[in-house]
1. Please state, as a whole number in µm²/s, the translational diffusion coefficient that the Stokes-Einstein equation yields for the range 34-75 at 37 °C and 0.692 mPa s, with Rh defined as the Kirkwood radius across alpha carbon pairs.
2. Based on alpha-carbon atoms only, what is the radius of gyration of the range 146-275 relative to the globular estimate 2.2 N^0.38 Å?
3. Cα gyration tensor of the range 137-191, axes a ≥ b ≥ c as square roots of the eigenvalues: rounded (a/c below 1.5), prolate (a/b > b/c) or oblate?
4. Whose amide H sits under 5 Å from the amide H of ILE173, counting only residues 5 or more places off or on another chain, with H placed in the peptide plane?
5. Mean-square fluctuation check for the chain, GNM, Cα pairs under 10 Å: which of GLY170, GLY81, GLY224 is largest?
6. Using the 2.2 N^0.38 Å rule of thumb for compact globular proteins, work out how the chain stacks up: its C-alpha Rg over that value, please.
7. Can you list the trypsin sites (Lys or Arg not before Pro) in the range 70-153 that are in a DSSP coil and have 12 or fewer other beta carbons within 10 angstrom?
8. Rolling a 1.4 angstrom probe over the protein heavy atoms, how many square angstrom per residue are accessible across the range 110-196?
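The values are calculated or read from the model by the stated rules, or taken from the named source; none is laboratory data. Since the structure is predicted, the reported quantities are computational estimates derived from the model, not experimental observations. Methodologically, a virtual Cβ is constructed for each residue, glycine included, from the backbone with ideal geometry; neighbour enumeration extends over all protein chains shown. These area figures cover heavy atoms from the full protein model, side chains too; ligands, DNA and RNA do not enter into them. Shrake-Rupley method; radii C 1.70, N 1.55, O 1.52, S 1.80 Å.
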Amino acid sequence: VKRKGKNNYLFFDEKMKEKFNKKIRIENILRKALKNESFVLYYQPIIETRTGKVASFEALLRIKDFNISPEVFIPIAEETGLIIPIGKWVIKEAIKQMRRWRDKGHNSLPISINLSPRQFFDINLIDYIKKTLEEYDVDPSFLEVEITENVFAEKKFETVNILNRLKALGVMISLDDFGTGYSSLNYLTFMPLDKVKLDKSLKDKFIELENIKIMDSLIALVHGLNLKVVTEGVEEVEEFRRMRRAGSDYLQGYLFSKPITIEEIGEILNKDYTK
Ligand code: C2E
Ligand code: CA
Ligand code: CA
Ligand code: CA
């Protein structure tokens, strides 16, 4: 870079500046969205493989009127600490939604929410979840939390401790994005988990290599630890069939539905996805 002279520095500075400005811009959008309550949860159904019925929903955060991916704004929220109030909003909104279903006389279904590291280690997290479940009188076993491996990369002891307290509350726990990080199977043996979500990339890799047998063994192993398996990112019918054969308990992906608004949920609730 240096060899090419001064202009490159300028170029580099501009790029940095652009990146920095973008971050500030998104941070401002997040602050405004918090103030104006203009966050919204989208829901993606998770299908029970055996019955083809919707078993639960994963709540995925969006900002009203902005087309910014959570892949972009969640890291900024995490970095700035805004994830704490935003995460509280997500927890409350998901719990409120389960209560609304019940009030309308619907069969309520579990909702899972994503927790990023800073939220997970927030000392108020457990009390907040407990308090909110009580406030809306929602059965804790209907709330699921999804955490990724990077959460407990360095803080094993603390993580197990928090997970145990969540379990004691009655909340369900999923290990998200399995197969993307260091993915030591070892984690599965000492974490009090309920489900393992196989990442889309892992499923793609096995199917591409026609190495579905390894997938069979991996799923058998997870079952051996008394955990359920969810396959993420199922886009093709053929993948659905293969993952069903491999023993995946649940399936999630665009093949069934993309994340949808609460208003759109009615249309898919009683659908049979084996058809
Ligand atoms: P994730 O938890 O792994 O969520 C799954 C992502 O995969 C979602 O992206 C979903 O829309 C997408 N997806 C679902 N099915 C398919 C498929 O068949 N093919 C493909 N290519 N993608 C599929 P989304 O909604 O953009 O969220 C991205 C990430 O942002 C999430 O990944 C999660 O890590 C984070 N996130 C979203 N909402 C929240 C939240 O409320 N709190 C926190 N802490 N993180 C969130
Ligand atoms: Ca997730
Ligand atoms: Ca995931
Ligand atoms: Ca992911």
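1. Working: Rh = 12.1 Å.
After rounding, the answer is 272 µm²/s.
2. Details: Rg = 15.7 Å, N = 130, 2.2 N^0.38 = 14.0 Å.
My calculation over the Cα atoms of the range 146-275 gives 1.12.
3. Taking the square roots of the gyration eigenvalues as a ≥ b ≥ c, the range 137-191 is prolate.
4. VAL145, ASP194, LYS195
5. Top of the fluctuation ranking is GLY224.
6. Working: Rg = 20.3 Å, N = 275, 2.2 N^0.38 = 18.6 Å.
Computed over Cα atoms of the chain, the ratio equals 1.09.
7. On the way: sites: LYS88, LYS92, LYS96, ARG99, ARG100, ARG102, LYS104, ARG118, LYS130, LYS131; in loops: LYS104.
Of the trypsin sites (Lys or Arg not before Pro), the ones in loops of the range 70-153 whose Cβ has at most 12 other Cβ atoms within 10 Å are LYS104.
8. On the way: 3930 Å² over 87 residues.
Dividing the accessible area of the range 110-196 by its residue count gives 45 Å².
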